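Notes for the one structure printed next.
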Amino acid sequence: MSVFSISEATTLIKLHLENEPILRDLSIRGEVSNATASAAGHVYFTLKDSASQIRCVMFRPQRNRHLVETGVSLIAHGSISVYEARGDLQFYVREVVPDGSGTISEELEALRNALEKEGVFEPTRKRVLPKFPLIIGLITSTQGAVLHDIQNVLRRRYPLVTLRVAPTAVQGTAAVSGILEGIRNLNTEGKVDLIILARGGGSSEDLEAFNDEAVVRAIHGSKIPIVTGIGHDTDTTLSDLAADVHAPTPSAAAELSVPNSDDLLHQVLDNHTGLGTQFRNFLFQRSQSIHSARAKLDSATPDFARTYQRIDDAVTNSARVLTTQYALHSEALRSLKARLATLNPNDVLRRGYSVLTVENTGQIVTSHRQVDKGISLTSATPDGFIHSIVTGVSDNPEELGANHGD
């Protein structure tokens, strides 16, 4: 049995394929994906259907190269051979013609529209991630760099978090069931604060599991918030649209899932400084208030010595005023008493006067014309009364004396 080197084997396969007439002049119908153009103007792409795919290259200046766009369905004409450097089966396209829009793209767009109408992608239903997660569930492959990248990011940013990995295939036939099982188990466990669903970059075919309807609905129905980090910046799957937070890469998903411990430390230090400043200001203000209140109390304290002096002065002044008033009133009273004494009838009588009244009527006699000869009169003296009879009445005292002699 002959033993061939890798180079010999690939060369043998290449010669066999290129000598097969049907493979030298072959037309293939399929949908274009992952179309890229090199700086030299060559176009590299994949033709696929629902079951298979084949790598294609269209060198410059082949006809209708501008028709090669991702999502377009084409009929490509060329030959099949092997790219010996990598051992890849490759379709060397000489010409392409349109064949309508791609069936796979149409199905994906139809699914997207249906889910959007149901509200699966509704922004208002997306949940806010917990600020300080303790346990993060990670659904990804344990093969490759994604797991290690996420571990490094979490260790660097927030070493307090625990990472619980739900390993699964992230492409191929087992990917969908593995992703669904991971979401279900982490939700059932109930100890996880959020879930990261991640895989590295790849072709659109590699990301098909993340466009699967069952996966999208599982993300939508998860009780735990889900962050997706699928592929590269330019890749957006239906899972990304359904997730609570969509990150452009797996590492970015880890960044968005946890706070930065350095930022938290600075924030704590800033808060400590701010609280210290506020506390010092508070103490200063309270101290000022206390001093102000004490000053007001001191100013409001009565000066008893001065008050007593004012009371003594008031008593002395009052006594002086009362003494003066008493003397004045006493003098006025003596004067009034003297005046009253001059008006006392007894004092008048003592000076030789008397009060003369008609004995029968008691009428005071103030004129000699009030009496006639023979009327009885009563004269009041300080110590008694004198009864007399009128013997004569005259305007002239001398005549009265002469008549009295008679």
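The values are calculated or read from the model by the stated rules, or taken from the named source; none is laboratory data. Computed from a prediction, not measured in an experiment: that's the story for all the values here. Positions of Cβ are generated from backbone atoms using ideal geometry, with glycine treated the same way; all protein chains shown enter the neighbour counts.
Annotations for the structure displayed:
- Residue count for segment 61-86, restricted to those that are loosely packed, with under 14 Cβ neighbours inside 10 Å and assigned to a loop (DSSP other than H, G, I, E, B): 4
- Scanning segment 36-57 for residues that are assigned to a strand (DSSP E or B), among the hydrophobic types (A, V, I, L, M, F, W, C) and closer than 19 Å to Glu205 by Cβ turns up Val43, Phe45, Leu47, Ile54, Cys56, Val57.
- Scanning segment 261-280 for residues that are among the small types (Gly, Ala, Ser), more than 21 Å from the chain's Cα centre (by Cα) and farther than 15 Å from Tyr158 by Cα returns a single hit, Gly276.
- Under the condition of being outside any helix (DSSP H, G or I), surrounded by 13 or more Cβ atoms within 10 Å (Cβ to Cβ) and either under 39 Å from the mean Cα position of the chain (by Cα) or in contact (Cβ under 8 Å) with a residue 60 or more places away in the chain (or both), the residues counted in segment 135-159 number 7.
- Residue within segment 14-27 that is within 28 Å of Glu106 (Cα to Cα) and in the same structural domain as Leu89 (by TED's automatic domain parsing) present: yes
- Contacts under 6 angstrom Cβ, first residue in segment 16-32 being closer than 13 Å to Cys56 by Cβ and surrounded by 12 or more Cβ atoms within 10 Å (Cβ to Cβ), partner modelled with pLDDT of 90 or more and aromatic (Phe, Trp, Tyr), 6 or more apart: Val32/Phe45
- With respect to the conditions (1) out of contact with any strand residue (DSSP E or B) (no Cβ under 9 Å at 6 or more places or on another chain); (2) assigned to a loop (DSSP other than H, G, I, E, B), Val170 falls short on a single one, namely (1).
- Listed by first and then second residue, the pairs with beta-carbon distance under 9 Å, at least 6 apart or on different chains, first residue in segment 53-72 and at pLDDT 80 or above, second surrounded by fewer than 17 Cβ atoms within 10 Å (Cβ to Cβ) and basic (Lys, Arg), are Met58/Arg94; Phe59/Arg94.
- Considering segment 221-266, and only residues there that are touching a Ser or Thr at 6+ places or on another chain (Cβ under 7 Å) and over 21 Å from His148 (Cα atoms), the residue that is surrounded by the most Cβ atoms within 10 Å (Cβ to Cβ) turns out to be Ala243.
- Test result for Ala40, out of contact with any strand residue (DSSP E or B) (no Cβ under 9 Å at 6 or more places or on another chain) and within 30 Å of Ser239 (Cβ to Cβ): no
- If you go through segment 50-90 and keep only what is under 20 Å from Ala39 (Cβ atoms) and touching a helix residue (DSSP H, G or I) at 6+ places or on another chain (Cβ under 6 Å), you end up with just Met58.
- In summary, strands (runs of 3 or more DSSP E) completely within segment 182-297 and bearing 2 or more residues that are in contact (Cβ under 8 Å) with a residue 24 or more places away in the chain occur at 194-199, 226-230.
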